[in-house]
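The values are calculated or read from the model by the stated rules, or taken from the named source; none is laboratory data. The model shown is predicted, which means the values in this text are computed figures rather than measured ones. Cβ sites come from the backbone with ideal geometry, for glycine too, and all protein chains shown count toward neighbours. Please note that ligands, DNA and RNA were not included when accessible areas were found on the heavy atoms of the full protein model with its side chains. Shrake-Rupley method; radii C 1.70, N 1.55, O 1.52, S 1.80 Å.
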Amino acid sequence: MSKIRVTQVKSQIGRLKNQKLTLKALGLRKINQTVEHEATPSIVGMVNTVKHLISVEEVK
């Protein structure tokens, strides 16, 4: 399984509740915070939900 590095680049203030909860589930609390996850289908779905608030890169 490949890994992805997810970084929050925009604030969650004023966003929908499901987007805020998705960021929390990914482990993101602050702007410029970075976390790594396995690229499972559930994680990829969460990334797609908040793709306008984060940046994603693949880890080798």
Hey, among 8, 12, 19, which residue is modelled with pLDDT of 95 or more and touching a strand residue (DSSP E or B) at 6+ places or on another chain (Cβ under 7 Å)?
-> 8
From the options 22, 7, residue that is in a helix (DSSP H, G or I) and open to solvent by less than 70 Å² (accessible area, probe 1.4 Å) | 22
Checked against (1) in contact (Cβ under 8 Å) with a residue 24 or more places away in the chain; (2) surrounded by 11 or more Cβ atoms within 10 Å (Cβ to Cβ), residue 2 satisfies every condition except (2)
Filtering region 25-41 down to residues that are more than 13 Å from residue 4 (Cα to Cα) and polar (S, T, N, Q), which residue is least open to solvent (accessible area, probe 1.4 Å)?
-> 33
First in region 6-24 and aliphatic (A, V, I, L, M), second anywhere and at pLDDT 95 or above and assigned to a helix (DSSP H, G or I), Cβ under 8 Å, 6 or more apart | 6/26; 6/47
